[in-house]
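Heads up, the thing below is written out as structure tokens.
The values are calculated or read from the model by the stated rules, or taken from the named source; none is laboratory data. Since the structure is predicted, the reported quantities are computational estimates derived from the model, not experimental observations. Neighbour counts run over all protein chains shown; Cβ positions are idealised from the backbone, glycine included. Just so you know, the surface numbers come from the protein's heavy atoms only, side chains and all, with ligands and any DNA or RNA stripped out. Shrake-Rupley method; radii C 1.70, N 1.55, O 1.52, S 1.80 Å.
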Amino acid sequence: MATTPSVPANPQDAAWVRVRASDPLVAPMLRQLGDEYSARYGKDAHTELARYPAEEFEPPHGVLLLLLEQGAAVAGGAYRRRDASTAELKRIWTHPAHRRRGLARRVVAELERTAAAAGYPRVYLTTGPRQPEARALYLAAGYTPLFDLSADPEDIGPLPFTKDLAPPPYTGRRVV
């Protein structure tokens with residue numbers, strides 16, 4: 001699995017790369033996610049981030065993507081197989097210095113595109129009750145909440161969402 005991006009026409013352009021969880025480029029993402037979740041929820045979240053085996057985020061059933069600018073990860077995310085027809089989005093992250101640029105929306109869209117191309121017709125995700133910006137992102141991206149939007153998020157716990165994906169574009173090739 002490649003960890004080196006294709007060189008963009010303009011070095012300022014961003015490039016998507018598929019990486020393994022063990023890739024050194026992933027370490028800042030996992031560290032920052034763990035630190036942020038720990039601060040928001042008052043308990044160590046680093047263990048929670050390690051709950052799923054790294055292999056679950058590798059092909060053929062999963063993927064871990066990073067968006068690189070000038071060789072540094074600025075955003076990323078992953079999906080894993082939830083069931084035969086559903087990919088579960090995980091680890092949606094934007095580097096703190098690069099927030100408010102729409103990168104999280106780009107990450108979600110790229111994960112959706114990649115999951116659809118892998119044959120998943122649906123995605124599922126959860127976000128925490130103390131992450132209102134994530135909740136707003138998923139609602140704006142067309143996700144259906146599987147909870148009462150008028151309820152206090154703290155009373156719900158993890159907030160589940162789902163979205164049906166458009167099938168990948170028709171290529172004209174017949175699959176036998």
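Points worth noting:
- For ASP152, the accessible surface of its heavy atoms amounts to roughly 80 Å² (probe 1.4 Å, protein chains only, rounded to the nearest 10).
- Ligands, DNA and RNA left out, the 1.4 Å accessible surface of segment 1-147 is 52% carbon and sulfur atoms.
- Among (i) 20.4, 69; (ii) 16.4, 53; (iii) 18.2, 57, the entry that matches Rg and Dmax of the Cα atoms in Å as calculated here: (ii)
- Looking at segment 47-176, the accessible area is 54 square angstrom per residue; that uses a 1.4 Å probe and ignores ligands, DNA and RNA.
- Between ALA140 and ALA84, the C-beta separation translates, for a Förster distance of 41 Å, into a calculated FRET efficiency of about 0.90.
- Model label zone, ASP13; criterion: amide N under 19 Å from point 7 Å along Cα-to-beta-carbon; scope segment 62-105: 66-75, 103
- Listed residues ARG80, ARG101, ARG31, most fluctuating in the chain (Gaussian network, C-alpha, under 10 Å): ARG101
- Average Cα contact separation per residue, the chain, under 8 Å, 6 or more apart, as relative contact order %: 16
- Residues LEU149, LEU30, LEU165, LEU66 ordered from highest to lowest accessible area at a 1.4 Å probe: LEU149, LEU30, LEU165, LEU66.
- The DSSP beta bridges internal to the chain are antiparallel in roughly 90% of cases.
- Considering every alpha-carbon pair of segment 57-107, the percent of pairs per 10 Å bin, from zero through the bin containing the longest distance, is 26, 46, 24, 4.
- Distance between segment 42-103 and segment 110-154 - C-alpha centres, whole angstrom: 14
- About the Cα centre, charge dipole magnitude for segment 1-147 (Lys/Arg +1, Asp/Glu -1 at Cβ), debye: 360
- Cα-projected label distance for ALA72 with ALA151, points at 7 Å along beta-carbon direction, nm: 4.1
- Among PRO132, PRO158, ALA84 the positive-end extreme of the charge dipole of the chain (Cβ point charges): ALA84
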